[in-house]
1. Given the criteria of a type in the set (K, R), within 16 Å of I77 (Cα to Cα) and at pLDDT below 90, does K144 qualify?
2. Inside segment 23-42, can you point out the residues that are surrounded by 13 or more Cβ atoms within 10 Å (Cβ to Cβ) and of a type in the set (D, E, K, R)?
3. Give the residue that is modelled with the lowest pLDDT, with candidates limited to residues of segment 1-17 that are in a loop (DSSP other than H, G, I, E, B) and under 21 Å from E103 (Cβ atoms).
4. Only one residue in F79, F55 is more than 14 Å from the chain's Cα centre (by Cα), at pLDDT 95 or above and surrounded by 17 or more Cβ atoms within 10 Å (Cβ to Cβ). Which one?
5. Counting just the residues of segment 18-41 that are acidic (D, E), assigned to a loop (DSSP other than H, G, I, E, B) and touching a residue at least 24 places away in the same chain (Cβ under 8 Å), which one comes out farthest from I123 (Cα to Cα)?
6. Looking at segment 58-76, which of its residues are under 19 Å from L109 (Cα atoms) and either open to solvent by 70 Å² or more (accessible area, probe 1.4 Å) or polar (S, T, N, Q) (or both)?
7. Given the residues S122, S136, S141, which is the only one that is under 13 Å from the mean Cα position of the chain (by Cα) and open to solvent by 10 Å² or more (accessible area, probe 1.4 Å)?
Amino acid sequence: MDSYKLAIIYSEDNNMKNIKDGQLKMLGDAYDSEELHIKCLLDLAKEIYPEVDIFRKITYRHTPEIASYFFTLLDNIVFLNTTKNMEKYGKTGMLMMPKNLSEKQIDTLISFTENLKDYSISICYDLELIDGILESKELHSLEKEQTIKLLETYFQRENRINKSK
């Protein structure tokens, strides 16, 4: 994950869009300071979700968390690599969770955590846009805490598995 700006774990099979439930896609060059997270998200939205009107209203001036929020409304998981000044602060990231998860997404997410074992992450869930401000509940990893343990805490607290998928 060190080389990428973000990752998406898709929520549903959609053969017309070449998407499989639980499919992982990593985007953006983490070493390119000119390439913004929001650009990666908006480019993906235009490619995968051209019919979703809100993605045409979001601009490069919006934060990547806002665009990610709308991806989570489509039941996708979004991971933002927020690492800056790694020597001083270490590797950091934000995992933005949808309300419902499929079994395949969970399997992919657990496998994906292998890429995050050196990261301090936040899991953001119960996302809500209130008066233009993104609100959420959050779990934060302690320094050197394994991401998988943080996910276990999240799954114990929240029953997020959508059995119908």
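The values are calculated or read from the model by the stated rules, or taken from the named source; none is laboratory data. For clarity, every value in this text was computed on a predicted model and none was experimentally measured. Here the Cβ positions follow ideal geometry from the backbone for every residue, glycine too, while neighbour counts run over all protein chains shown. SASA here: full protein model, heavy atoms, side chains in, ligands and nucleic acids out. Shrake-Rupley method; radii C 1.70, N 1.55, O 1.52, S 1.80 Å.
1. For K144, the condition - of a type in the set (K, R), within 16 Å of I77 (Cα to Cα) and at pLDDT below 90 - is not met.
2. Once the filter is applied, which keeps residues that are surrounded by 13 or more Cβ atoms within 10 Å (Cβ to Cβ) and of a type in the set (D, E, K, R), segment 23-42 yields K25, E35, K39.
3. D13
4. That would be F55, the only listed residue that is more than 14 Å from the chain's Cα centre (by Cα), at pLDDT 95 or above and surrounded by 17 or more Cβ atoms within 10 Å (Cβ to Cβ).
5. E35
6. Result: S68, T72, L73, N76.
7. After ruling out the rest, the residue left standing is S122.
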